[in-house]
Amino acid sequence: MALLEVSQLDVRFALRQGEVKAIRDVSFTLERGERLGIVGESGAGKSVAAFSLLNLIAKPGFIAGGSITFEGQTLNTMSERGLRKIRGNRISMIFQDPMMTLNPVLSIGEQMVECLKAHRRISSKEARAIALDKLRQVQIPSPEKRLDQYPHELSGGMRQRIIIAIALLLDPDIIIADEPTTALDVTIQAEIMALLLDLCEQHNVGLILITHDLGVVSQVTQRMLVMYAGRVIEQGPTREIINDPQHPYTQGLINALPQMATPGEKLNQIRGSMPSLSNLPSGCAFHPRCDFIKRADGQTRPVCIEQVPGFVQAGNCQAACHMVAELMEDRRLKEESQ
Amino acid sequence: MTMTTKPIKAPSRFQRFSDSFLWYSFKRDRTAQLCLAVFICLVVAAFAAPLIAPTDPYDLRQIDILASELPPFWIDGTDERYILGTDAQGRDLWSIVLYGTRVSLLIGFGAVILQALLGVTFGLMAGYLGGRVDAFFMRLADIQLSFSTLMVAIVVGAVVKATMGSSFYSQYAVLMLVLIIGLAEWPQYARTVRASVLAEKNKEYVDAARVMGLRSKRIMFRHVLPNTLSPIFVISTVQIANAIISEAALSFLGLGMPETHPSLGSLIKAGFDYIQSGSWWITLIPGAVLVVLVLSINLLGDWLRDVMNPRLYKG
Amino acid sequence: MIAFLIKRLMHAVLVMFVISVLAFAIQDNLGDPIQQMVGQSVPESEREALRERLGLNDSFMVQYVRFAKNAVQGDFGYSYFYREPALSVIARHLPATLELVFAATLIIVIFSVPIGVYSAIKPRSIISRFFMGVSIIGISIPVFLTAIVLIQIFAIGITVSIFPESTGWGAWLNGLFSTQGNMPSFGRGYDLVHVVGHWDTNLASWNGLKHLVLPAISLASIMLPLFIRLIRAEMMEVLQTEYVKYARAKGISMRRVYFVHALKNTMLPVITVGGVQIGTMVAYTILTETVFQWPGMGLMFLDAINRADIPLIVSYLMIVGVIFVVTNTIVDLIYGYVNPTVKLTGKPA
């Protein structure tokens, strides 16, 4: 049994205009020490997925269905008290913007010690010692001094290091990192990412990395999910998806990378933009932007507009696309006839 | 998308209003509707006082001194000529409260118009011109606010009264109160306007206007000011309520309207002397009217703030 | 920190300068000390000589400098009415006002924080809605009217007889809504305990405390709802921030999230507003003391206005100015203590 198992997760926001389905039918697993990437444009539901794992979505959001199982315990039905024992302890989080994440009026030491003391019966002195040790691990210069400093006295990169140290404080099983480097300077991004990867490997910590950066995902994670408009549209081993994406959307994403462009020519971009969650197109949510909606004979595939695609196996990957399903079917028929 | 099929007609003012979120949320908010209704009733009744009121309380000949301190209709021993009873001078309470509300509203609105004129002008100058002008006006506002507006009003009122003499002060009391409360409260507007000017100033349309070679006065009044209107609108409601309370406070201290020409505040003050003898209505009926008036304005202000949600100056 | 203090001090000096110029201008224009010192019968030539001797013919600047010098040394002139130094008149009235302000502040602090925090945490609960409703009514009632209503209910008493007295429940309801009205509503009472100097306290005897109750509630009545609403609004904003979300993600208890992470950030703007409101509170003491005939500075000031006792008016303004400056400085220091970002820059971030 996997360490973390998410199945058919369904998250909604009860707004004045009606319910908005932020996440639908999201399923994945994470093994101990495994690193999983969740990729998608902003608004695809990545962050909502991350926050819903620990039941941290703010009202009016709520988990409407599905289950999240961690070591056999169902998190989504667990009491606040039970969840509190897991949050920060077994599963910790790294937020997007280090400038906003730390409390401006509490010292770094206080924010680290309180986390330790919430989960372990230890003295403040012991807690400080552990905090100091973790600060050393994240390679902060003069760590002793940092404990008594306040967030505003530190740079963004330094703060994110501290947040990584806090995430590691209680030797968790899983770290959920929500765009941990997006808000940082480009020069520091790689450094912080390498540090996080290194520490996760060292401590055998599972990592769920939420990002829109395909480069980072390909370097850090072993498996990945691609999300679009609240659904997972492709999943599988990272290397295979990057090298041979099946879903037209994933293909578009990878083609849009600057590295993929021919010098002197326009970047390849996916036309249009992601639909609003409150007003999704029928059938496959990607169909208005899809270049493969027409068959070879020039006919529009009606199924794309009428039916939400299910997953089809393509090698080690799964893609939710009618076109891929057709291709696979053709290939199977061809193989059978041979 | 529809552009090709038919030309877009600019919506009329009325249509724009009826489509707006303001009107939408007003239709759904019972409290706001009730408050507006109460407020309008009070304003109409107050300004129609000479038509509605059974007696003219300013006319000494209509006062029956023997009929003083009569209780309102629901208590025994009333004279049915006076629904709400009479005050210590034998004036019909219903009439005098109507006239008093009119005085309170006049001063409240007058003072707020003055505050807004001063505050908006100073705030625009401070925010737009910056530098010394800004430092000067904001320092002044700081000092005045740290001294509290009511305090400033009381001191100015006291000094003016001492300089000009009581009779002169009473004669021009309405004008004096408008001036005093107007001068005391301008910093609220100035700060709010300055804050939103600073927010607007760096936006592109202001740059564009400057690049086009418009004069700064024109940019200020034609381009920046309209964008600061919604916070001005919101604080105006609170300021009217405050001005009415300030007027009442000044009158209560004897620095406001004279008893011969009373506002709600001076009616409360006059009645307070009789509360120990059991004639509570002389003070509490004008008091209740004052509270209902201020409360309806405050609730409307609360609603407006929720709907418009402007970034107001804090602290 | 030192830069911060120096900045504060400069501000204080500026404020005191402005106040003193205004105060002096009032004195210069309104008071004719000669008139007060000598009778009508003294001939003009003698008056002129006296005027010359007292330096009243000097230029405005020279006179102001003399006035400021004296003021710094604690000499604010003689009260016309009390015929003693204005400063000692004020010193006699100051403790009563300070005790009243202290009691009101206590009420405000004790009630505003828990109610404000609760209604921010549970904004939709019935209790929160109730408090919000009551607080907007509270803001809409002027202080002196609250005072009058309190006097009517608790000092004079009300007799309710709208329910039928003959039935048991009617009598019970009438009794429930009627009040006896035996609370004192006039002055400070007979049982003051002497502390030191001019300071007799209301706080050390039952009778004294009873006299303090109604004035203190009245004075608190307008600030309390203001602070409840302010704390609620700020707290609700803070609860939306990333760092509060992050604190929850760390698995610390909600109590700690609310009362350490959120409350500390909530209190920053509240402290700033509190500093400004102290000024308003002093203004309201004038109203409260007038209604309750509380023998403090406010009542003294109003009497001084009615008696045109210019030196006393001027001294009151100067002393109130000092009180504002001192309290504002203390408030800023507290702000700096709570907000770590202040220390480095000398400016709140």
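The values are calculated or read from the model by the stated rules, or taken from the named source; none is laboratory data. Nothing here was measured: the structure is a model prediction, and the numbers come from that model. Every residue, glycine as well, gets a Cβ built from its backbone with ideal geometry; the counts of neighbours run over all protein chains shown.
Check whether at least one residue in segment A:62-84 is within 11 Å of chain C (Cβ to nearest Cβ), buried (at least 17 other Cβ atoms within 10 Å of the Cβ) and either among the hydroxyl-bearing types (Ser, Thr, Tyr) or part of a loop (DSSP other than H, G, I, E, B) (or both), and report yes or no. Give the steps one after another, and end with the answer.
First, pick out the residues of segment A:62-84 that are within 11 Å of chain C (Cβ to nearest Cβ): A:80-84.
Filter once more, so that each one left must be buried (at least 17 other Cβ atoms within 10 Å of the Cβ): A:83-84.
Filter once more, so that each one left must be either among the hydroxyl-bearing types (Ser, Thr, Tyr) or part of a loop (DSSP other than H, G, I, E, B) (or both): none.
The answer is no; no qualifying residue exists.
Condition first: part of a helix (DSSP H, G or I), among the polar types (S, T, N, Q) and in contact with a helix residue (DSSP H, G or I) (Cβ under 6 Å, 6 or more places away or on another chain). Now tell me which residues in segment A:180-219 satisfy that.
Selection gives A:SER218 alone.
(1) part of a loop (DSSP other than H, G, I, E, B); (2) more than 11 Å from every other protein chain (Cβ to nearest Cβ); (3) surrounded by 15 or more Cβ atoms within 10 Å (Cβ to Cβ); (4) touching a residue at least 60 places away in the same chain (Cβ under 8 Å): which one isn't true of B:LEU255, the others all being true?
(2)
Within segment B:258-289, restricting attention to residues that are more than 16 Å from the chain's Cα centre (by Cα) and small (Gly, Ala, Ser), which residue is nearest to the other protein chains (Cβ to nearest Cβ)?
My answer is B:GLY287.
Can you spot a residue in segment C:222-236 that is crowded, with 19+ Cβ neighbours inside 10 Å and farther than 30 Å from C:LYS122 by Cα?
no
Residues of segment C:44-79 being outside any helix (DSSP H, G or I) and in contact (Cβ under 8 Å) with a residue 40 or more places away in the chain, which ones? Write out each step before concluding.
Within segment C:44-79, the first condition is being outside any helix (DSSP H, G or I), and the residues that meet it are C:55-59, C:73-79.
Correct list: C:PHE76, C:GLY77, C:TYR78, C:SER79.
Anything in segment A:309-338 that is of a type outside the set (A, V, I, L, M, F, W, C) and exposed (fewer than 11 other Cβ atoms within 10 Å of the Cβ)? List them, or say none.
The answer is A:ASP330, A:ARG332, A:LYS334, A:GLU335, A:GLU336, A:SER337, A:GLN338.
For segment C:246-349, list the helices (runs of 4 or more DSSP H) that sit wholly inside it and hold at least 3 residues that are more than 10 Å from every other protein chain (Cβ to nearest Cβ); which are they?
Values: elements: C:263-292, C:297-306, C:310-338, C:340-345.
Where helices (runs of 4 or more DSSP H) fall fully within segment C:246-349 and carry at least 3 residues being more than 10 Å from every other protein chain (Cβ to nearest Cβ), they are C:263-292, C:297-306, C:310-338.
For segment A:103-119, does any single residue satisfy the condition of being in contact with a Cys (Cβ under 9 Å, 6 or more places away or on another chain), within 14 Å of another protein chain (Cβ to nearest Cβ) and not charged (D, E, K, R)?
Among the residues of segment A:103-119, not one is in contact with a Cys (Cβ under 9 Å, 6 or more places away or on another chain), within 14 Å of another protein chain (Cβ to nearest Cβ) and not charged (D, E, K, R), which makes the answer no.
Quick check on this structure: which one of C:LYS210, C:LYS245 is closer than 30 Å to A:PHE95 by Cβ and basic (Lys, Arg)?
C:LYS245
Can you pull out the residues in segment A:85-102 that are more than 8 Å from chain C (Cβ to nearest Cβ), modelled with pLDDT of 90 or more and under 18 Å from A:SER47 (Cα atoms)?
Once the filter is applied, which keeps residues that are more than 8 Å from chain C (Cβ to nearest Cβ), modelled with pLDDT of 90 or more and under 18 Å from A:SER47 (Cα atoms), segment A:85-102 yields A:ILE91, A:ILE94.
Does any residue of segment C:203-218 turn out to be within 14 Å of chain B (Cβ to nearest Cβ), outside any loop (DSSP other than H, G, I, E, B) and in contact (Cβ under 8 Å) with a residue 60 or more places away in the chain?
Yes, segment C:203-218 contains at least one residue that is within 14 Å of chain B (Cβ to nearest Cβ), outside any loop (DSSP other than H, G, I, E, B) and in contact (Cβ under 8 Å) with a residue 60 or more places away in the chain.
Could you run through segment C:126-162 and say how many residues are assigned to a helix (DSSP H, G or I) and within 8 Å of another protein chain (Cβ to nearest Cβ)? Give the derivation first.
Going residue by residue through segment C:126-162, those that are assigned to a helix (DSSP H, G or I) are C:126-140, C:143-156.
This time we only want the ones that are within 8 Å of another protein chain (Cβ to nearest Cβ), so: C:136-137, C:139-140, C:143-145, C:148-149, C:151-152, C:156.
Within segment C:126-162, residues that are assigned to a helix (DSSP H, G or I) and within 8 Å of another protein chain (Cβ to nearest Cβ) number 12.
How many residues, within segment A:220-235, are touching a His at 6+ places or on another chain (Cβ under 6 Å) and in a helix (DSSP H, G or I)? Give the derivation first.
Taking segment A:220-235 as the starting set, the residues that turn out to be touching a His at 6+ places or on another chain (Cβ under 6 Å) are A:233-234.
Still in the list and also in a helix (DSSP H, G or I): none.
So the answer is 0.
Just checking: which of the helices (runs of 4 or more DSSP H) contained wholly in segment B:95-173 hold 3 or more residues that are buried (at least 17 other Cβ atoms within 10 Å of the Cβ)?
In segment B:95-173, the matching helices (runs of 4 or more DSSP H) lie at B:131-146, B:149-164.
Could you identify the single residue in B:VAL292, B:VAL234, B:VAL307 that is within 11 Å of chain C (Cβ to nearest Cβ) and either farther than 23 Å from C:ASN306 by Cα or of a type in the set (Asp, Glu) (or both)?
On inspection, the qualifying residue turns out to be B:VAL292.
One residue is enough: does segment C:84-104 have a residue meeting the conditions touching a residue at least 12 places away in the same chain (Cβ under 8 Å), closer than 19 Å to C:GLY321 by Cβ and assigned to a loop (DSSP other than H, G, I, E, B)?
no
Only residues that are modelled with pLDDT under 90 and within 20 Å of A:GLN219 (Cα to Cα): list them for segment A:34-58, please.
Those that are modelled with pLDDT under 90 and within 20 Å of A:GLN219 (Cα to Cα): A:GLY40, A:GLU41, A:LYS46.
Which residue is farthest from C:ALA304 (Cα to Cα), if the candidates are limited to segment B:258-294 and must be polar (S, T, N, Q) and not in a helix (DSSP H, G or I)? Reasoning before the result, please.
Going through segment B:258-294, the residues polar (S, T, N, Q) turn out to be B:260, B:263, B:266, B:276-277, B:279, B:283.
Those still in the list that are not in a helix (DSSP H, G or I) too: B:260, B:263, B:276-277, B:279.
Values: B:THR260: 24, B:SER263: 24, B:GLN276: 25, B:SER277: 28, B:SER279: 30 Å.
That would be B:SER279.
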